[in-house]
1. Return only the number of the condition from (1) at pLDDT below 95; (2) of a type in the set (Lys, Arg); (3) surrounded by 13 or more Cβ atoms within 10 Å (Cβ to Cβ) that ARG2 does not satisfy.
2. For the range 76-90, check the following and say yes or no: at least one residue is assigned to a strand (DSSP E or B), in contact (Cβ under 8 Å) with a residue 24 or more places away in the chain and under 19 Å from LYS144 (Cβ atoms).
3. Checking the conditions here, which among LYS144, LYS100, LYS93 is surrounded by 14 or more Cβ atoms within 10 Å (Cβ to Cβ), more than 11 Å from TYR50 (Cβ to Cβ), in contact (Cβ under 8 Å) with a residue 40 or more places away in the chain and touching an Asp or Glu at 6+ places or on another chain (Cβ under 9 Å)?
4. Taking the conditions exactly as written (touching a residue at least 60 places away in the same chain (Cβ under 8 Å) and of a type in the set (D, E, K, R)), does ASP18 satisfy them or not?
5. Which residues, taken from the range 84-124, are acidic (Asp, Glu), out of contact with any helix residue (DSSP H, G or I) (no Cβ under 8 Å at 6 or more places or on another chain) and farther than 14 Å from ARG43 by Cβ?
6. I'd like the full set of residues that are in a helix (DSSP H, G or I) and free of Cβ contacts under 8 Å to residues at least 12 places away in the same chain, limited to the range 120-131.
7. Restricting the search to the range 10-58, which residues are among the aromatic types (Phe, Trp, Tyr) and either in contact with a Lys or Arg (Cβ under 6 Å, 6 or more places away or on another chain) or not in a strand (DSSP E or B) (or both)?
Amino acid sequence: MRKASRQMDGIFALEVLDKAPYVTVSMTRPDGTPYGLPLSLVRTDDKTFYFHCAQEGEKLDCIKSNPTVFLSAVTKCAPTVGPKDGSFTLQYKSATAIGKAEIVTDREEKIEALRAVCLRFLPHHMDAFDAAISRSLERTAVVKITLTEPPIGKRKQYDKQGEEMKWGRME
């Protein structure tokens, strides 16, 4: 990282990944070309993320060919004018992580992963969860991403006095 003073710890990075409305997941196609797309992920512990998708498609082809994935997320992104020098800049919180993706085959793990997804994105509709599982579990794929390296966070943020908050300094 070029500006180490903006690097944040893994706890910060996980918080950014949790708060992002979607996380861009980058993969490698079987022919070696890159493929990335924003996905709705849920984290169940410090190393485990899940998402769901159709039973076939480019994501699954990529994972079967090369399971290494790269996660990237940004929150609190706001263009601004630097309070001290008037420069055009951007305040942000970001996180990246590397992991290994695998297709979940265990029925109970699939259900629990989908429950976690539903609790994150539709918590007020959990009363419909069991019916949705009954209708669509067999035609839904679930992918588990296990981090293989600690996540990295980064931020650029100013305090009320216009000073950039460097590593470790929180609001």
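The values are calculated or read from the model by the stated rules, or taken from the named source; none is laboratory data. Computed from a prediction, not measured in an experiment: that's the story for all the values here. Neighbour counts run over all protein chains shown; Cβ positions are idealised from the backbone, glycine included.
1. Every listed condition holds for ARG2 apart from (3).
2. no
3. LYS93
4. So ASP18 fails the test.
5. Across the range 84-124, the qualifying residues are ASP85, ASP106, GLU108, GLU109.
6. Within the range 120-131, PRO123, HIS124, HIS125, MET126, ASP127, ALA128, ASP130, ALA131 meet the criteria.
7. Selection gives PHE12, TYR22, TYR35, PHE49, TYR50.
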